[in-house]
1. Return the only residue of Gln83, Gln74 being closer than 28 Å to Ser3 by Cα and either touching a residue at least 24 places away in the same chain (Cβ under 8 Å) or in a helix (DSSP H, G or I) (or both).
2. Every residue in the stretch 60-76 that is open to solvent by less than 70 Å² (accessible area, probe 1.4 Å) and out of contact with any Gly (no Cβ under 8 Å at 6 or more places or on another chain), please.
3. Against the conditions (1) open to solvent by less than 50 Å² (accessible area, probe 1.4 Å); (2) of a type outside the set (A, V, I, L, M, F, W, C); (3) closer than 25 Å to Thr95 by Cβ, where does Asp20 fall short? Just the number, please.
4. Is there a residue being of a type in the set (Val, Ile, Thr) and under 20 Å from Ile82 (Cα atoms) anywhere in the stretch 30-50?
5. Can you tell me how many residues in the stretch 3-36 are outside any loop (DSSP other than H, G, I, E, B), under 13 Å from the mean Cα position of the chain (by Cα), of a type outside the set (Asp, Glu) and over 19 Å from Thr67 (Cβ atoms)?
6. If I filter the stretch 41-55 for residues that are part of a helix (DSSP H, G or I), open to solvent by 20 Å² or more (accessible area, probe 1.4 Å) and acidic (Asp, Glu), do I get at least one hit?
Amino acid sequence: MISFDEHQERLQLYSQGLNDREIAEKLYLSSNAIFRWRHINNLPDNVKIKNQRSEERKLILYNVGFTDKEMAYQLKMKTRSIQAWRSKRHLPMNTR
């Protein structure tokens, strides 16, 4: 079991778009450890997210629980754009 701080650190790197190997290298862990952590937390592979259409990417990130700010950062958009997208779909705001 990892600590809350370790989880937040991994989540921060994940939200920056790093793949399992890149996160593992930054944290001096095995990529398999990051893979398992990602699956336990139902986080899709970042490589797959990068290759999907914008609408699908937004929905994936939203469903995983990313906040508007985290989604905007991941998608290289403005937070206000994400808020407008979410509002048009009558989706409640994700909080952490």
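The values are calculated or read from the model by the stated rules, or taken from the named source; none is laboratory data. Computed from a predicted model, the values in this text were never measured in an experiment. When we count neighbours, we look across all protein chains shown, and the Cβ atoms used for this are built from the backbone with ideal geometry, even at glycine. Side chains are part of the model used for accessible areas, which takes the heavy atoms of the whole protein and leaves out ligands, DNA and RNA. Shrake-Rupley method; radii C 1.70, N 1.55, O 1.52, S 1.80 Å.
1. On the way: Gln83 fails: closer than 28 Å to Ser3 by Cα.
Answer to the check: Gln74.
2. Within the stretch 60-76, Ile60, Leu61, Tyr62, Val64, Gly65, Phe66, Thr67, Asp68, Glu70, Met71, Ala72, Leu75 meet the criteria.
3. Checking Asp20 against (1) open to solvent by less than 50 Å² (accessible area, probe 1.4 Å); (2) of a type outside the set (A, V, I, L, M, F, W, C); (3) closer than 25 Å to Thr95 by Cβ, the one that fails is (3).
4. There is at least one residue in the stretch 30-50 that is of a type in the set (Val, Ile, Thr) and under 20 Å from Ile82 (Cα atoms).
5. Going residue by residue through the stretch 3-36, those that are outside any loop (DSSP other than H, G, I, E, B) are 4-15, 20-27, 31-36.
Okay, now just the ones that are also under 13 Å from the mean Cα position of the chain (by Cα), so 7-15, 20, 23.
Remaining after also requiring of a type outside the set (Asp, Glu): 7-8, 10-15, 23.
Subset that is over 19 Å from Thr67 (Cβ atoms): 23.
Qualifying residue count, the stretch 3-36: 1.
6. Here is the first cut: in the stretch 41-55, the ones part of a helix (DSSP H, G or I) are 46-50, 54-55.
Within this subset, residues satisfying the condition of being open to solvent by 20 Å² or more (accessible area, probe 1.4 Å) are 47-48, 50, 54-55.
Going one step further and asking which of them are acidic (Asp, Glu), we end up with 55.
Yes - at least one qualifying residue is present in the stretch 41-55.
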